[in-house]
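Read the figures in this text as sums done on the coordinates, not as results from a lab. Note that the coordinates shown come from a computational prediction; the quantities given were computed from them, not determined experimentally. Don't worry about glycine lacking a Cβ; one is built from the backbone with ideal geometry, like all the others, and counts go over all protein chains shown.
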Amino acid sequence: MSTASVPLPAWINYGVIPLLNLVLAFFFSGLVVWAIGENPFDALNFLIQGALGRGDAIGFTLFYATSFIFTGLAVAVAFHAGLFNIGAEGQAYVGGLGAALVALSLDHYVPWYVTMPFAVIGAALFGAAWAFIPAWLQAKRGSHVVITTIMFNFIAATLMVYLLVNVFIVPGKMAPETRTFLAGGQLPKLDWLMALFGLKLGPAPFNVSFIIALVMCYLVWLLIWRTKLGYEMRTLGVSPTAAVYAGIPYVRTVIIAMLISGGLAGMMSLNAVMGASARLQVEFVAGAGFVGIAVSLMGRSHPVGIILAAILFGILYQGGADLSFEMPNITRDMIVVIQGLVIFFAGALEYMLRPAMVRLYQTATGK
Amino acid sequence: MNLQSSANEPAIELVGIDKKFGAVHANKNINLSVGKGSIHGIIGENGAGKSTLMSILYGFYHADEGEIRIQGRPVSIRDSQAAIAAGIGMVHQHFMLVENFTVLENVMLGAEGGQLLAKGVAGARKELKRLETDYGLEVDPDALIEELPVGRQQRVEILKALYRGADILILDEPTGVLTPAEADHLFRILQVLRDQGKTIILITHKLREIMAITDTVSVMRRGEMVATRKTAETTVAELAELMVGRRVLLRVEKQEAKPGPVLLSVKNLIVKDGRGVTMVDDVSFDVRAGEIVGIAGVAGNGQSELLEALAGIRKPVSGEIFIDGKPVEAADPALLRQLGLAHIPEDRHHMGLVLKFEEYENSILGYHHDPRYGRGAMLDLDAIRRQAEEQIAKYDIRPPNAQLKTANFSGGNQQKIVVAREIERDPKMLLIGQPTRGVDIGAIEFIHRRIIEMRDTGKAVLLVSVELDEIRSLSDRILVMFAGKIVGEKPSDADEQTLGLMMAGIAA
C-alpha cells in the first residue's frame, strides 16, 4: 500500500494542498519574471492590484470569472459521465448565435428581464445542438468525443465568420458583427451588488449573467448528486462496466450528458454577447472554452471548486492584462506562461505534494 | 512425506516482522521458520496478512521492524531484485507473463545477459533443458504463452523463478485457475522440487491442498501467526477453527430441494465474445423454482458469457431465453430486473460495484429507478441511506458505515454489499457468479446460508463457480460446462473425480 490510499482530512485535501500548489506556481512564475529582468514582487503586486485593487478591477475579474464558471461547469458535467468535452469553445460560440437571435428579435418589444429567459434557452439550445453531433457520433459510432469536439470548434469558428460576414453584418459597415442590441436585449450590470460593498463598478461589464452562473452551479450540483440521471452519469463515468450491469443506457446517457454540457457552454455567450458587447462579434469566446477545461480540472468538477478556480483565472486574466500594461517587458505571452504554470501545478501536478503531506500528517498525528 | 524437514536447518527465518499501513496493523510480530527442503503452507482468511508477509519477503514492502534470515544469514530485501539475489522466487496468483512472447523469451525477460540476445538465448535454452530434465518441468521453449493452457503457463512462472536460481519458491494461491488434474500435476512438480532440496512456501486458503501437499503449516489470523503445525498431526477441522477463531461448518446443511415450475429456461443459446469466438455453444437447460442449479467448469469455458447473456449484459447470437415461460425480447439488464431476475456478477470490482462510490450509493445500483429511492427525477438520499443501513445491519457488513467509500471495505464485505442488494429485492430468480471468490471463510458461510434460504423460499438459483467444493455443497443439480457446451448433468453427490474429468473434457 502506498500513501495514495491514506485518507487525509478535507481541510488538507481541499485547503492546504491546493494552496501550496498555488504558491509553487507563483514561485516559479516569479523565477520567470526575475529571469527577464523584472522584480517579481512588483509584478505580483501589479497583478493583485490590477485584479482586485479597485471596484472596476474586481468587476472585470468577476466578468471573466462568469464566463469561466459556465465553461467550467460544461466540462465538469461531461467529465462526470466520463466524457472529455474539449468543444466548449465552439459550443459557446454557436450558443452566442442563439442568444443573439433572441436579443435581435425581442429587444424592440420587451424589457431585458423578459428577453433574458428566452436568451438563456436560446443560448443553451444552440450550444447543446452543437454538442449533439459529437455526442451522437460517440454514442452510436464510437468516434472519440475528444477528436470530434476539437474538430467542431474549427467548424464553429468558420461557420460563425461566414454568418457574421454574409448574414448578420450591418449593411454599409466593415465590422463583421450584428447591430448593437437595444436595452431590451442587454443584460444589466450589477452596479448595485458592487455598491453593497462600497465599490464602484465603473466601465467593467460585470452583469446579471453572473447570477445565472451561480444558479447553474446549484442546478449542476443538484443534477450530479441528487438526481437519478446524475447517478447514472457518475456510474457511467467511473465504471462503464458497472453501468452496463446496472442497465444504464449508454447511448441515452452519453447524449444527454453532452447536451447539458453543450448547453452550459452555450450560456457563456450570455455574459460576453448580451452582458458586455451588446452585439455578436467574431471570436467573442476568446479561449474561455479552453480555460473551462483547466477550471474544471482545478475545481475537481465540483461547482464550489469551479467557482473558486474561475475566480482565480479571472484574477490571472484581468491582473495579467494590467501587469503587461504596467511592465511592458511582460507581454501577453508571458501572462499565458504564468497561467500555464498555474494549470501545471494546481491541475496537472495536483498530487505531487500529497505523499509528503501524508507523511507529515502521519508524523504530526503520531499514527 | 518428509517429516524431518522442519527439524532441518531453516532455509528462511522471519523474526519479529511487523508492518503497519496507517491504522491497519497488517503483520504483528510474525515469527516463522521454514525448514530447508520442505513444503510449508500458510493459510488464513483474506486480509489475514498472508500477502503482506510474502510481499515483505519479496521486497515489495519494507517491514517496519523485524529481521529476515536466509540460510541463517540476516538479509535486507529492499526490492524484488534483492529477493532474487537472495534466492527467493515468486509465482504470483495472476501470472506475470508477456502473452505474445515465447516461453524462452519470458524466462529470459529481465535476465537477458547483455545487449545482444543471441548469446543469452543459447544459454537460456540450455538451462531450460537442464531444468526440464532435473525437475520434470516440460514445456516447449518456443511455444507462445497465449497458446498454452493455464497449467503450462504456471509452469513457465516456476521455470522463470528457477532460472534465476531460486532456492526458495513462494506460490501465491497457485491452484485458483487450475483444473483438479492440473492441480495434482502441480503438486507432483512441487514434490519433485522439494526432493531436490528446494524450499517451498505455499499460500492458499484451500485446506484440502494444505493437507494434500504440505509438510508443515502455519495459520495466520488478523495479522498474527496463530499456530504452526506438522501437517500430519493436524486436521482440516482444527485448521479451519484456527483460521477463523471459532468452529465452522465446512458443509452447508440443507434440506432436500422441492423443485416447482420452471422459472428460467434456456434454449439453444449461442453466445460469442468480443473477439467473435463462440463461447457458449448451443446450450439448453431449465432452472426450476426452489432449486439451485450449479454450473461447474474450469474458468474460461463459457460460464461467464452464459451468465452475462442471461443477465442481459451480452447479446446472444441466437437461441432463446424464457422467464416464467415468456420469451425475453431484448438483452436489457433493466428489463430483466423488472421481471424479477437478480444478478450477483462474477466480477464485483468492475460490475457489481462502483468502488469509488460510497456504500449507500452502491446499495441501489441497478435499482435506482425504484420509486422507493425517490420520486420522479430526484434521489431520496435519506431513504437510500436508511435502507443501506438496514442491509448493513442485517448482513453484518463491516465497518457499519454507509458513507464509507466502497473500495475501503474488504473483499468479503464488498461481496456482502452486492449479495444484500440483490437478495433484499426479493427476486424470483437469482444468477450468481463466483459468490465467494476472494471472500473469507466467515463470510462464505454467511453467503452460502443466504443462497440456501433463497432456494428454500422458492426462488430459482443458477450458480456459476470455479470452486468445485462450492458447487457440490450448494447445488441440487450440477451441469458441467466444457468448451462452451454442457457436457453432462450430475446429481449433487457426484464424486469429485468424475466431475473433474468432465470439466477437463475427458469423460461425459
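Taking the three principal axes of the alpha carbon atoms in region A:63-315, the coordinate ranges are 58, 46, 31 Å, sorted in descending order. For the pair region B:31-58 and region A:92-108, the centres of their Cα atoms are 71 angstrom apart.
When the Cα convex hull of region B:355-424 is projected onto planes of every orientation, the mean area is 4.2 nm².
Residues of region A:325-342 with an amide N closer than 18 Å to a point placed 7 Å from the Cα of residue A:54 along the Cα-to-Cβ direction: A:325-328. The distance from the alpha carbon centre of region B:215-284 to that of region A:153-174 is 70 Å, rounded to a whole number.
Checking every one of the trypsin sites (Lys or Arg not before Pro) in region A:169-268 against DSSP loop status and a limit of 11 other Cβ atoms within 10 Å picks out A:173. The charge dipole of chain B, taken about the Cα centre with unit charges on the Cβ atoms of Lys, Arg (+1) and Asp, Glu (-1), comes to about 560 debye, rounded to the nearest 20.
Across A:82, A:30, A:15, mean-square fluctuation computed from a Gaussian network of chain A (C-alpha pairs under 10 Å connected) peaks at A:15.
Determine the percent antiparallel among the DSSP beta bridges restricted to chain B, to the nearest 5.
So the antiparallel bridges amount to about 55 percent of the total.
Legend: distances between Cα atoms for B:28/B:160; B:50/B:126; B:267/B:428; B:160/B:405; pairs beyond 30 Å are B:28/B:160; B:50/B:126; B:160/B:405. Under the combined filter of DSSP loop state and at most 11 neighbouring Cβ atoms within 10 Å, region B:23-126 retains these trypsin sites (Lys or Arg not before Pro): B:78.
Which distance in nm do the two modelled labels at residue B:15 and residue A:165 give, with both placed 7 Å along the Cα-to-Cβ direction? For residue B:15 paired with residue A:165, the spin-label model returns 8.5 nm. Using the Cβ-Cβ distance between residue A:344 and residue B:403 with R0 = 30 Å, the FRET efficiency computed as 1/(1 + (r/R0)^6) comes to roughly 0.35.
Label zone (residue A:331, point 7 Å along Cα-to-C-beta; backbone nitrogen cut-off 17 Å) within region A:20-35: A:32-35. When the label point is put 7 Å from the Cα of residue A:84 along its Cα-to-beta-carbon vector, which residues of region A:245-263 have a backbone N closer than 17 Å? Output list for this probe position: A:258. Start at zero, step by 10 Å, and the Cα-Cα distances of region B:99-164 spread as 23, 58, 19, 1 percent across the bins.
Bridgeable lysines around residue A:140 (alpha carbons under 18 Å apart, same-chain partners fewer than 8 residues away excluded): B:315. Selection among A:339, A:75, A:274 by position relative to the dipole of chain A gives A:75 as farthest towards the positive end (Cβ unit charges, Cα centre). Using Cβ point charges alone (K and R +1, D and E -1), the dipole size of the protein assembly as shown about the Cα centre works out to roughly 1140 debye. If a/c stays under 1.5 just call it rounded; otherwise compare a/b with b/c (prolate if a/b is bigger, oblate if not). Do that for region A:27-111, with a ≥ b ≥ c from the square roots of the Cα gyration tensor eigenvalues. It comes out oblate by the Cα gyration axes. Here the Gaussian network model covers chain A, with springs between Cα atoms less than 10 Å apart; of A:44, A:196, A:219, A:196 fluctuates the most. Here, region A:223-269 has an Rg and a Dmax of 11.5, 39 Å when only alpha carbons are counted. Could you work out the mean projected area of the convex hull around the alpha carbons of the protein assembly as shown, in square nanometres to one decimal? Averaged projected hull area, Cα only: 43.9 nm². For region B:213-291, trypsin sites (Lys or Arg not before Pro) are listed when DSSP marks them as loop and at most 13 other Cβ atoms sit within 10 Å of their Cβ; the list is B:246, B:247, B:251, B:275.
P(r) tail for region B:263-347, what percent of Cα pairs lie past 18 Å?
Beyond 18 Å sits 39 percent of the P(r) for region B:263-347.
Between residue A:200 and residue A:158, what length in nm is gained on full extension when 0.36 nm per residue of separation is reduced by their alpha carbon distance? Full extension from residue A:200 to residue A:158 adds 11.2 nm. Using the rule -39500 (n - 2.57) for each DSSP H run of four or more residues, divided by the residues of chain B, the 222 nm mean residue ellipticity is -9500 deg cm²/dmol. If the chain linking residue B:390 and residue B:256 were pulled fully straight, counting 0.36 nm for each residue of separation and taking away their Cα-Cα distance, it would gain 45.1 nm.
Placing a pseudo-label 7 Å from each Cα along the Cα-to-Cβ vector at residue B:147 and residue A:192 gives an inter-label distance of 8.1 nm. Here the spin labels are modelled as points 7 Å beyond Cα on the Cα-Cβ line, and at residue A:175 and residue B:375 they lie 5.2 nm apart.
DSSP beta bridges fully contained in the protein assembly as shown are about 55 percent antiparallel. Note on residue B:25/residue A:8: beta-carbon distance plugged into 1/(1 + (r/R0)^6) with R0 of 22 Å gives a FRET efficiency of 0.60. Computed over region A:172-285, the percent of Cα pairs more than 25 Å apart is 45. With one equal scatterer per alpha carbon and no solvent term, the Debye-computed log10 I(q)/I(0) for chain B at 0.13 1/Å reads -1.34. Per q in 0.20, 0.24, 0.28, 0.31 1/Å, what log10 I(q)/I(0) does a Debye calculation on the alpha-carbon atoms of region A:103-145 return? So the normalised log intensities work out to -0.63, -0.75, -0.89, -0.97.
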